Amino acid sequence: MTITEATPVTALTRTYDLSVTTQGPLYPPSEIVDENGDFVVIGMINREGPDGTTVPEWGSAVVSPDSPLPPLGEKAPYTIVRELDVEPTAPDGQAALYTLPLPLPCNNYPMLFAPDQRPDAHQVERPSYPLHKAPIPDMRYEDGIKVREPIRLAQWVKARGQLTVHVPEHRGSADFSFAFTGLIPNSLYTVMSLREHDLDPAGPTRPGPLGIPNAFISDENGMAHYRATLPNPFPEEAAGSNRVINVVVLWMSYQQNYGGAIGHFGLGGDIHAQLKLRGPSFQEFTTVPEA
């Protein structure tokens, strides 16, 4: 009788550089607008290809909120107002950044992000606010708001982040460790996970926090660290599996954390993507249910 020894399972660690962005999914095109209500997009830009198809390419542009809006899962070329120069010294760098109004413009994602906390989120109407003047609930001037000056594009694009993912030998969980520089100082940030079915047009799942609580505060120099452990985030591809495929670092304009939700309104209403991976990732990892 031949005895075959099992291949030993070893721990696996990988490190990734995060990219600065203003974008969550493709719609709305950005989670930041300018004073005119146009989207300030750093991320995937939907452009018309030479064969008439829509080709998303990583870049930067000012995009009209009147861009064609296809159904979830489909793409159409953005209506580009102009190209955007994201170099910190460029004139565009002085543009002040704003929240999206509610209801969210150019949005085809019907997700209710906080069903227990804000089941009426889709009915709320609010204007766009400068990021530093978002209506923080119950805020009083005398309580000492820390972000008092306009947040400009040149400051936004200074953000840098590095993520290290570690899956131990038991493979029942994964550790996510982040180090940041260049963030907006003295601000509340959160980290969310994006799973493979969160944007599935046949039945999108609700995006969730990467750890609970998923919040951290940048220091006066814009530096921070964050760490979380998730159970079985990278299951083998099978019916019912829903792997983590990306992580997104969010600046929270209401300076709030939302427990098991990523925000009340999402997508630029109260959360604003600043760092993420450029595409689906973590294919090299496999985890299993915890014993």
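Annotations
- Verdict on V248 being of a type in the set (A, V, I, L, M) and either in contact with a helix residue (DSSP H, G or I) (Cβ under 7 Å, 6 or more places away or on another chain) or crowded, with 20+ Cβ neighbours inside 10 Å (or both): yes
- The requirement of being assigned to a loop (DSSP other than H, G, I, E, B) and without any contact (Cβ under 8 Å) to a residue 12 or more places away in the chain is satisfied by A238.
- Residue count for region 87-110, restricted to those that are out of contact with any Phe, Trp or Tyr (no Cβ under 8 Å at 6 or more places or on another chain) and surrounded by fewer than 20 Cβ atoms within 10 Å (Cβ to Cβ): 11
- Selection of strands (runs of 3 or more DSSP E) fully inside region 118-217 by the criterion of at least 1 residues being surrounded by 16 or more Cβ atoms within 10 Å (Cβ to Cβ) and touching a residue at least 60 places away in the same chain (Cβ under 8 Å) returns 160-167, 173-181, 188-195.
- Residue ID - surrounded by the most Cβ atoms within 10 Å (Cβ to Cβ), chosen from residues in region 255-291 that are outside any loop (DSSP other than H, G, I, E, B) and either aliphatic (A, V, I, L, M) or more than 12 Å from the chain's Cα centre (by Cα) (or both): I271
- The residues listed here are L230, L199; of these, the one that is more than 23 Å from T10 (Cα to Cα) and either touching an Asp or Glu at 6+ places or on another chain (Cβ under 8 Å) or hydrophobic (A, V, I, L, M, F, W, C) (or both) is L199.
- In region 94-117, the residues that are closer than 17 Å to E31 by Cα and not in a loop (DSSP other than H, G, I, E, B): A96, Y98, L102
- Subset tally (residues that are without any contact (Cβ under 8 Å) to a residue 60 or more places away in the chain and aromatic (F, W, Y)) for region 45-104: 1
- Meets criteria (more than 30 Å from N108 (Cβ to Cβ) and of a type in the set (D, E, K, R)) for R148: yes
- Residue under evaluation V86, criteria (1) within 22 Å of L26 (Cβ to Cβ); (2) in a loop (DSSP other than H, G, I, E, B); (3) at pLDDT 95 or above, criterion not met: (3)
The values are calculated or read from the model by the stated rules, or taken from the named source; none is laboratory data. All values reported here derive from a predicted model rather than from experimental measurement. So basically every Cβ, Gly included, is an ideal-geometry build from the backbone, and we count neighbours across all protein chains shown.
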